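The structure appears below as structure tokens.
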Amino acid sequence: MSACSETKLATYAVKEAQTGQDGGGYKIGKPYQIQGVWYYPAEDYNYQETGVASWYGPDFHGKYTANGEIFDQNQVTAAHRTLPLPSFVRVTNLDNGRSLVVRVNDRGPFAHSRILDLSRRAAQLLGMEQQGTARVKVEIMADESRALAMRLKSKTDEPQVAAAPRETVQAETLPPPGSREQAKPIVNSAPPPPRQTVAEPDAQQLANQPVRTVAVKPTQMYIQAGAFQRYDNANRLSAALSGMGQTKITQVVTKGGTMFRVRMGPLPSLDAADALLEKVIASGYPEAKLVVD
């Protein structure tokens with residue numbers, strides 16, 4: 001109970017620190033710390049993560065979100081710890097296959113083992129309201145989020161100046177000096193076609209969107225204590241954690257190169273995962289997290 005109250009107070013503090021006065025502008029925010037763990041907000045249009053989501057509602061209904069909007073638990077929204085505010089993500093419930101697009105407009109959750117806090121309505125549509133949590137996959141909607149960011153960033157009182165029109169240009173290759181050859185025209189270089197704009201879903205469209213159902217497979221929960229480019233670093237961490245339970249080093253190829261992950265599990269329940277994660281973080285490994293595979 002004490003830990004829950006501390007987390008809730010910390011959540012209010014973070015939201016107050018990042019809330020603007022413009023009624024819902026575009027925000028990224030500065031790095032912040034909650035219960036010994038640092039979070040670094042940033043634009044990440046390649047974001048994709050699996051983990052555990054929770055939902056929030058009555059305690060925050062009608063209050064400001066971290067970017068200055070008014071939180072409505074009956075809208076399809078969510079809180080994320082580092083993604084730009086606002087942005088769009090697709091959330092898939094890995095327990096039942098339900099999937100929908102959600103608008104991220106708040107900071108949270110700050111329980112170490114959660115990656116997303118959904119509004120009550122979003123939780124209902126995903127079929128997880130009664131359980132309180134669900135294993136989920138979260139993917140940023142890159143095009144829609146970029147379009148939203150550009151629109152909000154461009155809001156200014158200064159007049160916008162239209163770009164000068166571009167005309168078709170024709171070029172010729174000239175013959176060598178003294179030659180009787182005729183100049184040869186090059187294929188016309190026309191201006192590129194206009195860039196396609198991406199429509200941003202509004203609150204009503206999000207609320208009325210059809211909930212997809214996709215195929216899902218059984219998953220397991222692990223505590224990932226760290227990921228390293230050097231095997232010997234992973235091996236040292238594995239040895240240090242061996243007294244807390246069985247550890248395993250797995251190799252994975254990412255965009256950044258080959259990584260060696262140190263994991264513990266699979267865990268039999270969310271309660272067991274929560275307890276082990278807190279123990280690992282308290283032992284001096286704040287980068288540890290709960291993952292779902």
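No value in this document is a laboratory result; all are computed from the given coordinates. Just so we're clear, the structure is a prediction, and the values are computed from it rather than from any experiment. Please note: Cβ atoms are built from the backbone with ideal geometry, for glycine as well, and neighbour counts cover all protein chains shown.
Using the alpha-carbon positions of the stretch 24-169, Rg (one decimal) and Dmax (whole number) come out as 17.2, 64 Å. Put simply, the C-alpha atoms of the stretch 55-98 give a gyration tensor, and the ellipsoid matching it has half-axes of 21, 14, 8 Å, longest first. Per-residue packing, averaged as other Cβ atoms within 10 Å, sorts the ranges 127-133, 105-111 into the order 105-111, 127-133, beginning with the highest. Beyond 21 Å in Cα-Cα separation lie the following of the pairs LYS137/LYS255; LYS217/LYS255; LYS137/LYS279: LYS217/LYS255; LYS137/LYS279.
How would you order 67-74, 31-38 from highest to lowest mean count of nearby Cβ atoms within 10 Å?
For the peptides 67-74, 31-38, the packing ranking is 67-74, 31-38.
Annotation: for a label point projected 7 angstrom from Cα along Cα→Cβ of GLU287, residues of the stretch 31-69 with backbone N closer than 15 Å are 37-40.
How big is the equivalent ellipsoid of the stretch 31-89 along its three axes, where each semi-axis is √(5λ) from the Cα gyration tensor, reported in whole Å from largest to smallest?
20, 15, 13
Computed packing ranks the peptides 276-285, 208-217 as 276-285, 208-217, most packed first, by mean other Cβ atoms within 10 Å.
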